[in-house]
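A quick write-up on the structure given underneath.
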Amino acid sequence: MKPEDKQEKTHFEYPKVTTFDVMREYWSSLRRHKLLLLLTFGGMLIAVIGSVISPLFYKEFFDTLNLISNDSTKDVSLLIKIIITILGINLINWAGWRISWFSTNRIEANVMSDCLEKAFVYLIKHSHNFFISNFAGSLVQRINRFSRAFEAIFERVFYDISSLVIKIMGAGIVLYFVKPSIALAMGAWVAIFLSVSYYFTKKKLKYDIKAAQANSKITGMLSDAISNHGSIQFFSGYKEESKRINDEIVPFRKLNIFRWDFAAYIDAVQALLTIGVEFVVFYYGIKYWSLGLISLGTFVLIQAYVLNIGNSLWSFGRVVRDIYQGVADAKEMVEILHLRHEIIDIPNARNLEIKSGNIEFKNISFAFGKEGDNDKHVFKNLNLVINAGEKVALIGSSGAGKSTLVKLLLRLHDIKDGEISIDGQNIKNVTQESLRENISLVPQDPALFHRTLVDNIHYGNRNATNEQVIEASKLAHSDIFINEFPFKYETFVGERGVKLSGGERQRVAIARAILKNAPILVLDEATSSLDSHSEALIQDALATLMKGKTTLVIAHRLSTIRKMDRIIVLGKDGVLEDGSHDDLLKANGAYAKLWNLQAGGFSSENIEAILDQK
Ligand SMILES: Nc1ncnc2c1ncn2[C@@H]1O[C@H](COP(=O)(O)OP(=O)(O)OP(=O)(O)O)[C@@H](O)[C@H]1O
Ligand SMILES: [Mg+2]
């Protein structure tokens with residue numbers, strides 16, 4: 001698979017969502033602003049009706065002008081009255097639009113921030129599996145687009161489509177009373193114009209979607225290349241990368257020319273229709289006028305409507321495209337909003353109550369991927385008991401499932417069969433929050449927030465005092481390097497903590513776990529990036545932390561685990577060996593071989609060879 005194809009790779013089958021679902025999501029927030037909605041609509045209605053009525057007074061004006069131009073007394077007071085009426089209508093029109101726009105500003109700002117919040121709050125509670133199957137960048141984009149699409153859809157539907165409909169209906173009714181045949185002709189023209197515009201817009205939409213896909217693909221490739229800038233530098237891949245990007249850019253350019261030419265053709269057809277109607281209006285206007293069928297004022301009235309409606313019709317294609325685009329953008333987020341959270345608490349789930357901290361894995365089976373997939377099992381009928389207060393080490397070859405076991409204990413994934421329980425309480429029956437509150441984890445690859453060091457450590461226990469934070473940091477030996485930074489604890493650590501070395505990041509994660517001080521402690525290769533000296537120092541701190549807690553330590557370096565109460569060797573088919581360091585050495589099995597090897601130089605090939613031999 002090419003790296004850029006990874007974008008589409010996801011386990012998730014999103015529920016199908018319709019335009020109606022999108023509208024319902026927006027409505028759930030919009031309905032809370034009924035008064036503003038009323039003002040927006042009312043203001044717009046007044047303004048549009050005003051724009052339909054004012055040409056009637058222009059008609060009056062020209063008819064009066066025509067009348068008095070043949071009159072020698074030339075009393076213009078009537079004309080003045082008419083233009084004052086027009087001024088009044090225009091002012092009402094002006095006020096209507098202002099009311100509408102100021103209300104719209106408030107509606108849009110409110111609904112857009114509701115959308116951002118709603119999308120984030122729901123999305124962040126999706127499962128671990130969801131996040132590792134989706135690109136962070138694309139999720140951020142979905143949230144943003146969902147919120148921004150509202151602005152586009154609301155304005156287009158409200159201001160463009162609704163006002164166009166009202167204008168057409170209003171003008172139709174007025175013209176019908178003035179001259180029914182003209183009303184019919186105008187109706188026919190509008191119908192032709194809209195059909196042509198809609199037909200071509202739909203055709204063009206296909207290519208717009210293709211262009212959006214090509215654009216996302218290029219964005220994905222760019223971000224993949226930029227985040228791998230190191231590899232490009234080390235392997236001198238500049239030319240290769242430019243070629244890969246260029247291979248996508250060339251068809252994108254051709255597609256853009258095609259799309260934009262298409263839009264220009266649509267414009268050309270629309271322009272012809274407009275030129276045609278102008279001519280027809282003038283031609284028949286003159287003809288009817290010369291026959292005395294219409295007055296000069298009526299002629300002006302028709303002209304005014306044709307110009308006004310013509311302008312709105314002109315942008316109809318773009319309006320339809322914007323709405324389609326907005327709905328398509330919003331759908332991507334609504335899919336996520338409609339996707340049920342994968343791991344949910346049972347109804348009325350209780351809080352986990354830790355009495356002594358006994359952990360039991362009973363006959364558990366687990367495989368990544370969906371049921372029925374041919375995915376290999378990580379665990380099949382695994383049984384493991386960690387007694388209350390016991391310190392257990394878990395070792396095994398890379399990929400044996402050690403980190404996965406920790407994730408199952410934290411219920412980041414649900415197991416397929418069996419049961420995991422803590423002090424007799426099935427972790428499926430307790431709240432996820434209480435479960436995770438009771439476990440301090442130092443993960444294998446700790447990632448930090450791009451916040452200050454103090455904020456990152458504080459995350460372990462948000463109620464802790466600053467003194468407690470520093471105390472935990474001292475115990476984790478992170479205090480030393482933190483104090484060397486110019487801003488000390490106020491130093492920002494970069495995205496995911498990239499501005500720290502691997503060992504520094506691990507120490508911050510340990511400090512966080514120390515601060516959390518939960519009754520169950522899990523260390524997944526927590527000190528693997530530290531030099532032996534720092535590790536020895538931290539081991540002392542960790543030994544203090546482990547006191548009275550059930551502890552699970554995963555490590556490749558056997559020297560760090562020899563003092564544990566029990567060592568469990570995990571192989572491809574489950575637990576291979578289980579006992580204390582001395583017991584396992586006596587048993588002279590896989591652990592003993594590894595121990596002897598590490599004493600004389602450890603290598604990962606050795607560990608795999610030994611563990612897989614069984
Ligand atoms: N999200 C995932 N989707 C599919 N397979 C996965 C996923 N995470 C892990 N695996 C697979 O599950 C197996 C166990 O992985 P795990 O991370 O638990 O190994 P580990 O024992 O912790 O290894 P290491 O010592 O290298 O950390 C591996 O074969 C891995 O490829
Ligand atoms: Mg691991």
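The values are calculated or read from the model by the stated rules, or taken from the named source; none is laboratory data. Remember, it's a predicted structure, so these values are computed and weren't measured experimentally. With ideal geometry, Cβ positions are generated from the backbone for all residues, glycine too; neighbour counts draw on all protein chains shown. Only protein heavy atoms, including side chains, enter the accessible area calculation; ligands, DNA and RNA are left aside. Shrake-Rupley method; radii C 1.70, N 1.55, O 1.52, S 1.80 Å.
Odds and ends about this structure:
- Counting only helices (runs of 4 or more DSSP H) wholly contained in the stretch 110-197, the ones carrying 1 or more residues that are away from ligand 1 (no atom under 16 Å from the Cβ) and among the small types (Gly, Ala, Ser) occupy 136-155, 163-178.
- Checked across the stretch 355-362, the condition of being part of a strand (DSSP E or B), at pLDDT 95 or above, away from ligand 1 (no atom under 16 Å from the Cβ) and among the β-branched types (Val, Ile, Thr) holds for at least one residue.
- Some residue of the stretch 401-415 being in contact with a Ser or Thr (Cβ under 6 Å, 6 or more places away or on another chain) and closer than 29 Å to residue 580 by Cα: no
- The number of residues in the stretch 161-212 being open to solvent by less than 50 Å² (accessible area, probe 1.4 Å), aromatic (Phe, Trp, Tyr) and farther than 29 Å from residue 261 by Cα comes to 0.
- Residue that is most open to solvent (accessible area, probe 1.4 Å) [pool: residues in the stretch 289-301 that are assigned to a helix (DSSP H, G or I) and under 27 Å from residue 50 (Cα atoms)]: 289
- Complete set of residues in the stretch 330-350 that are within 25 Å of the chain's Cα centre (by Cα) and open to solvent by 30 Å² or more (accessible area, probe 1.4 Å): 331, 332, 335, 338, 340, 341, 342, 344, 345
- Against the list (1) away from ligand 2 (no atom under 16 Å from the Cβ); (2) closer than 30 Å to residue 144 by Cα; (3) part of a loop (DSSP other than H, G, I, E, B), the condition residue 331 fails is (3).
- Criterion: of a type in the set (Val, Ile, Thr) and within 16 Å of ligand 1 (Cβ to nearest atom) - qualifying residue of 457, 427, 439, 420: 420
- Segments classed as helices (runs of 4 or more DSSP H), wholly inside the stretch 501-614, with at least 1 members that are modelled with pLDDT under 80, farther than 22 Å from residue 405 by Cβ and among the hydrophobic types (A, V, I, L, M, F, W, C): 532-546, 590-599, 604-613
- Of the residues 388, 367, the single one that is closer than 21 Å to residue 561 by Cβ, surrounded by 17 or more Cβ atoms within 10 Å (Cβ to Cβ) and more than 16 Å from ligand 2 (Cβ to nearest atom) is 388.
- Residue in the stretch 276-288 that is open to solvent by 30 Å² or more (accessible area, probe 1.4 Å), closer than 30 Å to residue 149 by Cβ, assigned by TED's automatic domain parsing to the domain that holds residue 61 and in a helix (DSSP H, G or I) present: no
- Residue under evaluation residue 214, criteria (1) in contact (Cβ under 8 Å) with a residue 24 or more places away in the chain; (2) of a type in the set (Gly, Ala, Ser); (3) closer than 16 Å to residue 277 by Cα, criterion not met: (3)
- For residue 98, the conditions (1) out of contact with any Leu (no Cβ under 8 Å at 6 or more places or on another chain); (2) farther than 27 Å from residue 317 by Cα are fulfilled apart from (2).
- Cβ pairs under 9 Å, 6+ apart, first in the stretch 390-405 and over 24 Å from residue 417 (Cβ atoms), second of a type in the set (A, V, I, L, M, F, W, C) and near ligand 2 (Cβ under 9 Å from one of its atoms): 393/554; 395/554
- Pairs meeting the criteria (first residue in the stretch 343-357 and of a type in the set (Lys, Arg), second residue part of a loop (DSSP other than H, G, I, E, B) and open to solvent by less than 100 Å² (accessible area, probe 1.4 Å), beta carbons under 9 Å, at least 6 apart or on different chains) are 350/431; 355/388; 355/423; 355/424.
- Look at the stretch 497-518: where a residue is without any contact (Cβ under 8 Å) to a residue 24 or more places away in the chain and a partner is open to solvent by 10 Å² or more (accessible area, probe 1.4 Å) and in a helix (DSSP H, G or I), sitting 6+ places away or on another chain with Cβ atoms under 9 Å, you get 498/505.
- Every residue from the stretch 544-557 that is more than 16 Å from ligand 2 (Cβ to nearest atom) and touching a residue at least 12 places away in the same chain (Cβ under 8 Å): 544, 545, 546, 548, 549, 550, 551
- Of the criteria (1) more than 24 Å from residue 422 (Cα to Cα); (2) within 29 Å of the chain's Cα centre (by Cα); (3) surrounded by fewer than 17 Cβ atoms within 10 Å (Cβ to Cβ), which one residue 327 fails: (3)
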